[in-house]
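Undergrad: Mind having a look at this structure? Questions to follow.
The values are calculated or read from the model by the stated rules, or taken from the named source; none is laboratory data. Quantities reported herein were computed from a predicted structural model and do not represent experimental measurements. Neighbour counts are summed over all protein chains in view; Cβ atoms, including those assigned to glycine, are modelled from backbone coordinates with ideal geometry. For the accessible areas, the whole protein counts, side chains as well, though only heavy atoms, and no ligand, DNA or RNA atoms are used. Shrake-Rupley method; radii C 1.70, N 1.55, O 1.52, S 1.80 Å.
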Amino acid sequence: MATVHANGLQGHGFIARVGAAMSEFFATVAEARRMADRYEDPTHLGNSEFERMGLTREDVPETALHPKH
């Protein structure tokens, strides 16, 4: 459970926590953007291109979430 200090700000500890939270937020946004890019790019391919990759259009969402490298 979190502890709340009476004076609120605790020197660089508070700033470090805010910085860490911001860093995590932007990392999450970047990952969401990568997932969106993986989802959008294949949707413009034709059926023959999907067949060459061994995929169907129904596979696009799952492949975007869990790419196979």
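Undergrad: With each label point set 7 Å from Cα along the Cα-Cβ vector, what nm distance links R52 and R33?
TA: So the two model labels end up 2.9 nm from each other.
Undergrad: Quantify, in whole percent, the carbon and sulfur part of the accessible surface of region 22-61 (1.4 Å probe; protein heavy atoms only).
TA: Details: 1870 of 3230 Å².
It is 58 percent, rounded to a whole number.
Undergrad: Could I ask something else about it? What is the sum of charges around M53, taking Lys and Arg as +1, Asp and Glu as -1, for the other residues whose C-beta is under 11 Å from the C-beta of M53? Numbers along the way, then the final one.
TA: Values: positive: R52, K68; negative: E49, E51, D59.
Value of the local net charge: -1.
Undergrad: Using the heavy atoms of the protein chains and a 1.4 angstrom probe, tell me the accessible area per residue for region 18-69 in square angstrom.
TA: Result: 82 Å² of accessible area for each residue.
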